[in-house]
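Encoded as C-alpha cells, the structure appears first; notes follow it.
The values are calculated or read from the model by the stated rules, or taken from the named source; none is laboratory data. Here the structure is a predicted model, which means the values were calculated and not measured. Because the Cβ atoms are built from the backbone with ideal geometry, glycine has one as well, and the counts that use them run over all protein chains shown. Note: areas computed on protein heavy atoms with side chains; ligands, DNA, RNA excluded. Shrake-Rupley method; radii C 1.70, N 1.55, O 1.52, S 1.80 Å.
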Amino acid sequence: MSEARGNTMPITKEANHSSLRGNAGDRLRAAAAAGTEDLLSMLESAQDGLSEAQIEKSRAKHGSNKITHGKKISTLKRVIDAFINPFTAILFGLVAVSAFTDIVMADAGEANPTTVIIITAMVLLSGLLQFIQETKSGQAAENLLMMITTTITVRRQEKGNQEISLDDIVVGDIVLLAAGDMIPADIRIIRAKDLFVRQSALTGESMAVEKTSQAELGDGSLTDMANLAFMGCDVVSGSAEGVVVVTGNDTLFGEIAKNANEKPIQNSFEKGVNSVAWLLLRFVLVMAPVVLFVAGFTKGDWMQATLFALSVAVGLTPEMLPMIVTTCLAKGAVEMSRKKTIIKNLNSIQNLGSMNILCTDKTGTLTQDKVILQYHLNIHGEEDSRVLRHAFLNSYYQTGLKNLMDIAIIDHTMREQANEKELQGLDDRFMKVDEIPFDFDRRRMSVVVANGKTQMITKGAIEEMLDVCSFAEYEGTVLPLSDEIREYIYNKVDRLNADGMRVIAVAQKNNPSQAGAFSVSDESGMVLIGYLAFLDPPKESTAQAIKALHEYGVDVKILTGDNDKVARTVCRQVGISVERILLGSDIDSMNDEDLAKSASETSVFAKLSPMHKARIISSLQSEGHSVGYMGDGINDAAALKAADVGISVDTAVDIAKESSDVILLEKDLMVLEQGIIEGRKTYANMIKYIKITASSNFGNMLSMLAASAFIPFMPMLPIQIILLNLIYDFSCAAIPWDNVDKEFLVVPRKWDASSVKSFMLWIGPTSSVFDFTTFVFMYFIICPAVCGQALFHQLTNPAMREQYVAIFQAGWFVESMWTQTLVIHMIRTQKIPFIQSYASAPLSLITIAGCAILTLIPFTGFGASFGFAALPLAYFPWLALTIALYMGLVTVLKMAFVKKHGDLL
C-alpha cells in the first residue's frame, strides 16, 4: 500500500475551465478526470492553499459551506404556525360568530365588541407566547450548538496548516484528512495514503471503500469514483490531501437534503402530545353540538345557544398546550446547558428523561481516559526496551488517528530516551516504507520501516496477533509458536488483565514482501516479541455516578471492544455487576430473539465490533427499553444512531458528534445524571399541564351539559366563560417553572398517552360534583336571599330576574376559578399539597393572583360590564366549605387512582 499522488492527464486548461462551469455533477466529473496541477489551476488554488483574497473571492463566487436542512422557516411561517392550529381555529370561529351577532347584527348603539376583543386577546396571548418561546428556544439551540466545534485541517498560504470550522471551507481549499475526520465538502483527492472512507451516509453501504488520487474518467455513479470524497462521509483510516470542488447545498449531500420531501418521522413523544391534543379536540367537537341542542331546546334562543356552545368549546379548548410544551422543552434545554449538557434536538430532552438503560464504552467514561504505559515486557513478563522500540516505531510512523495507547507509547519512549541509548534517534534513524491501517475487524495495525533492512512491525489485540504469528522469541531464541508457548503467553496476559491492565502484543517480521506493495496478506508468519501493558484507572467519581444512576432507575451496561478480563476488573472496581459477560463471538452465534433476552440480563459486553454495539441496542429496544448510548469514537457512530438518545462529548470525533442528540461538555457520568434529572423535570411539568387541562376540561363539560339542561337561564354568559378561560390560561403559563417532587424523578418516565384518558375520567367529574352543589346553593339559597326570597321562576320583575341571573353567574364564575386553580396544586404532586409538597414561587404567585383578581371582578364596574353582580358575604363561607370538601375529595380520588394505576402523573 504505497503512497499515491494524482497524475496529470492530457486535458487542456481551457477544457477544464469550461467543464467546471457546469452543474455540481459535471464539475466533480471534470475534477475526477483532471490531473492535480490542472485541477488546482482551474480552481485558482495551489499546493500551499489559498490566500485571504482568494478565499473571499471563492466564497463570493460559490457561496458558503452550510447545508440548508429543508427550507429555512421564515418569520412569517413561524408566526402562522404559532397562531394557526386546531385550538385557535375554534377561537377564530367564535370571533367570527361573535362579531356577526354582537357587532354586525346588533341594533344601533348596542354593538358590543367586548367578546371579540377578549377572544382575540386569548388568541394573541397563546400565539404570541408560543412564537416568542419558540424563537427564544431556536436562538438558544443555535447558541448552544455554536459551542460544539466541528473542525477540519486546511492548508492556507498565510498561516499554513490550521484548524477551521467546516462552515468556513471554500472551493479551492486544500484539506488534510486523517482517521476520524468528517469529509467537509465534495473534494477531489490529490494525495492519499491507505485512505478508507465510509460512505454509508450517502450510499447506505456500511463497508469502507478505498480512495486514491489517480485521475479517472467515468460515466458511472459519482460515489463509485475512487478519487472523489463527499460531504457527510467519514475517514475510517489512512490519510489524504484533497482540494474542495463543491460546497454547501451544491454538494451531493446538499442535493439529497434539498430534494428530500419525506415528512420527518414523529417520535413517541410527538405522537403522544398530538394524540392528547386530538383526544381533547374530539371531546370539544362532540360535546359542543350536544350543549348547543340542549341549550337551544330548553331555552328557545338558538342564537344565544350557539354563542353558549361556542363559548363552551373555548372553555374546553387547551389553546395553551403548544406554548406550554414548547416552553417546557426550551426551559429544559437552557437549564441543561447550565449543567454542561447541550441539547441538539429539543424533543430528545424527554427521551433522555425516559431512558432506563445507558450503554456506554469503558474508556474515558468509567476510566480517566488517560492511558499510561505501565510495562513493556518480553513474553516472559520481563522489562525489555527492544519491545518498547518496536512499539514506538509502529505508533510514531503510522498516519492514522493516534489513539490513547499510541500517545502513551510515544510519551513513555521520549521519557526513556535519556536512559536507553537504543531508544534515541528513532524518529531519524528509520524511514517509513508503508503501513496497513488499523480496522475494527482485524484489531491490529502494521507499519513497514527500513534501516538497512526492511521490517514489518505489528501491534494489536492478543488473540488477533496470535492468529498472524507463527513464531515467538522464547528464552532468547525464535521458536515455532507451539500450543505450549501459546498457553504460556495466555497465562502471562491473564495475570496482567487480572490487575486491570489492557494488554496488546507486539510482533515483527524481516523483509516481509519482495513486491514493494504491502497488504493484510503480509501480516502472517510473524514473530511475537512481547507485550505492552496499559493502565487506565477508574475515575474517582465513577462509582458514585453509577450508584446515582441506579438510584434514578437507569441500568448501566458496558459495551467495549476491550477484552473481557480488563472489562471485568474495571467494572468490579466501580460497582457494576459482572456475573455474566457476553463476547462479540457469543453475539455472532445468537439470533435476535436470544440476544434480546440475554442483553437484558447482561451488564458487560466485551470484544465488540461497531455493528455488535448497534445490534445490542436494537435488541434492548425490542424488549421495550428506552436506551441511551454514550460514545465518542468512530466505532460508536452506528450505536449513537440506533439509540433512542445518542450522547456524545464535545471532544468526540466529528462523526460521533453529528450522530448524537445530546452533547456533554464533560465526559463524566455525573454530568449525565444531571441531564437525566432535568429531562424528567421537563416531562413532569408537561404532563402536569396535559392532565390538569384534560381533567378540568372534562369536568367543565359535564357541568355545562347539566346546567344547560336544568337551569332556566344561561348558567354563564359566553363572554364570562371566555374571561374565566383567559385568566385560567394565564395562571397555567407558570407551570414550566414548577417544582417537581424528588420521588417522581427517581423513575424513568416513558410517554403513555392512554393514562391521560384514565386520569381525565377519574379526576374530571370531581369538580362537576361541586359545580352541581354550587348550582343548587346559588339557585335555592343565595340568589333568593338577595332577591326577596323568591326563586327565579317566581320573579316577575325583569330587573330582579336580571339580578338573580347576575348573582348566580358570579357565584359559579368565582367557584369555577377556585376549583380549576386548586386542581393545579392538587394534581401537580402525588403528595399532600401545601404540606408535603410546595409549588414553585412563580406558580404560587400567579395562581393566587388569578384567584384574587377573579374573585374581585364581580364587585367592580368592570365586572358589571360583563353581566356580574356583587356577591353577598354569605356566599364566601360556602365557597370556603366547597373548596375544603373539594380538596378532600380530590385527595381521596388521587390516592385511589395511584393505588389502581401506580402513578398520578
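Among the residues examined, Thr796 does not qualify as part of a helix (DSSP H, G or I) and either on the phi < 0 side of the Ramachandran plot or within 35 Å of the chain's Cα centre (by Cα) (or both). Condition check: modelled with pLDDT of 75 or more, of a type in the set (Gly, Ala, Ser), closer than 22 Å to Arg828 by Cα and open to solvent by 10 Å² or more (accessible area, probe 1.4 Å). Does Ala706 satisfy that? Spelling it out, it is not the case that Ala706 is modelled with pLDDT of 75 or more, of a type in the set (Gly, Ala, Ser), closer than 22 Å to Arg828 by Cα and open to solvent by 10 Å² or more (accessible area, probe 1.4 Å). Taking the numbered list (1) within 30 Å of Val898 (Cα to Cα); (2) not in a helix (DSSP H, G or I) in turn, Gln789 passes all entries but (1). The sole residue among Glu241, Glu216, Glu205 that is at pLDDT 85 or above and either open to solvent by 10 Å² or more (accessible area, probe 1.4 Å) or polar (S, T, N, Q) (or both) is Glu241. Determine whether the range 790-804 contains at least one residue that is crowded, with 21+ Cβ neighbours inside 10 Å and in contact with a helix residue (DSSP H, G or I) (Cβ under 9 Å, 6 or more places away or on another chain). Yes: the range 790-804 contains one or more residues that are crowded, with 21+ Cβ neighbours inside 10 Å and in contact with a helix residue (DSSP H, G or I) (Cβ under 9 Å, 6 or more places away or on another chain).
Take the conditions (1) among the aliphatic types (A, V, I, L, M); (2) surrounded by 16 or more Cβ atoms within 10 Å (Cβ to Cβ); (3) at pLDDT 90 or above; Leu845 misses just one of them, which is (2). Going through (1) closer than 20 Å to Ala684 by Cβ; (2) among the hydrophobic types (A, V, I, L, M, F, W, C); (3) in a helix (DSSP H, G or I) one by one, Ile853 falls short only on (1). Pairs are defined by a Cβ separation below 9 Å, a sequence spacing of at least 6 or placement on different chains, a first member in the range 645-674 that is on the phi > 0 side of the Ramachandran plot and in a helix (DSSP H, G or I), and a second member that is modelled with pLDDT under 75 and among the acidic types (Asp, Glu); no pair meets this definition. Scanning the range 858-874 for residues that are open to solvent by less than 30 Å² (accessible area, probe 1.4 Å) and without any contact (Cβ under 8 Å) to a residue 60 or more places away in the chain yields Pro858, Gly863.
Could you tell me whether the range 527-541 includes any residue that is at pLDDT 85 or above and not hydrophobic (A, V, I, L, M, F, W, C)? Within the range 527-541, one or more residues are at pLDDT 85 or above and not hydrophobic (A, V, I, L, M, F, W, C). Asp467 passes every criterion in (1) crowded, with 22+ Cβ neighbours inside 10 Å; (2) out of contact with any helix residue (DSSP H, G or I) (no Cβ under 7 Å at 6 or more places or on another chain) apart from (1). So is Glu383 open to solvent by 10 Å² or more (accessible area, probe 1.4 Å), at pLDDT 75 or above and more than 25 Å from the chain's Cα centre (by Cα) or not? So Glu383 fits the description; yes. Here the range 424-440 is the region considered, the condition is being over 16 Å from Lys459 (Cβ atoms) and modelled with pLDDT under 80, and the residue that is least open to solvent (accessible area, probe 1.4 Å) is Gly425. Of all residues in the range 882-904, none satisfies being within 30 Å of Arg801 (Cβ to Cβ), open to solvent by 50 Å² or more (accessible area, probe 1.4 Å) and either aromatic (Phe, Trp, Tyr) or in contact (Cβ under 8 Å) with a residue 12 or more places away in the chain (or both). Listed conditions (1) more than 23 Å from Asp384 (Cα to Cα); (2) touching a Lys or Arg at 6+ places or on another chain (Cβ under 9 Å) are all met by Arg568, apart from (2). Looking at the range 495-513, can you tell me whether even one residue there is surrounded by 17 or more Cβ atoms within 10 Å (Cβ to Cβ), in contact with a Leu (Cβ under 9 Å, 6 or more places away or on another chain), assigned to a helix (DSSP H, G or I) and touching a residue at least 12 places away in the same chain (Cβ under 8 Å)? The answer is yes, given that some residue of the range 495-513 is surrounded by 17 or more Cβ atoms within 10 Å (Cβ to Cβ), in contact with a Leu (Cβ under 9 Å, 6 or more places away or on another chain), assigned to a helix (DSSP H, G or I) and touching a residue at least 12 places away in the same chain (Cβ under 8 Å).
Candidates are the residues of the range 397-421 that are in contact with a helix residue (DSSP H, G or I) (Cβ under 6 Å, 6 or more places away or on another chain) and assigned to a helix (DSSP H, G or I); the one that is farthest from Ala461 (Cα to Cα) is Glu416. Step by step: first the residues of the range 1-47, then only those that are among the hydroxyl-bearing types (Ser, Thr, Tyr) and at pLDDT below 55, then the one that is least open to solvent (accessible area, probe 1.4 Å). Which residue is that? Going through the qualifying residues, I end up with Ser19. A search for C-beta distances below 8 Å between a residue of the range 462-479 that is free of Cβ contacts under 8 Å to residues at least 60 places away in the same chain and any residue that is assigned to a helix (DSSP H, G or I), counting only pairs 6+ apart in sequence or on different chains, returns Leu479/Ile485. Considering Gln417, Gln374, the condition of being open to solvent by 10 Å² or more (accessible area, probe 1.4 Å), touching a strand residue (DSSP E or B) at 6+ places or on another chain (Cβ under 7 Å), of a type in the set (S, T, N, Q) and modelled with pLDDT under 90 is satisfied by Gln374 alone. Residue check: Asn451 meets all listed conditions (1) open to solvent by less than 20 Å² (accessible area, probe 1.4 Å); (2) of a type outside the set (A, V, I, L, M, F, W, C); (3) farther than 23 Å from Ala240 by Cα but one, namely (1). One residue stands out in the range 665-710 among those that are out of contact with any strand residue (DSSP E or B) (no Cβ under 8 Å at 6 or more places or on another chain) and among the basic types (Lys, Arg): the one that is nearest to Ala288 (Cα to Cα), namely Lys691. When Trp818, Trp762, Trp737 are screened for being open to solvent by 70 Å² or more (accessible area, probe 1.4 Å) and either among the small types (Gly, Ala, Ser) or within 26 Å of Lys900 (Cα to Cα) (or both), only Trp762 passes.
Whenever a residue of the range 594-611 is farther than 14 Å from Leu583 by Cα, its partners that are in a helix (DSSP H, G or I), lying with C-beta atoms within less than 6 angstrom and at least six residues away or across chains, give the pairs Ala596/Ser619; Ala596/Ser622. Considering only residues in the range 736-786 that are among the polar types (S, T, N, Q) and in a helix (DSSP H, G or I), the one that is nearest to Val814 (Cα to Cα) turns out to be Thr774. Ile489 fulfils the conditions (1) touching a helix residue (DSSP H, G or I) at 6+ places or on another chain (Cβ under 8 Å); (2) over 30 Å from Gly353 (Cβ atoms); (3) open to solvent by 30 Å² or more (accessible area, probe 1.4 Å) except for a single criterion, (3).
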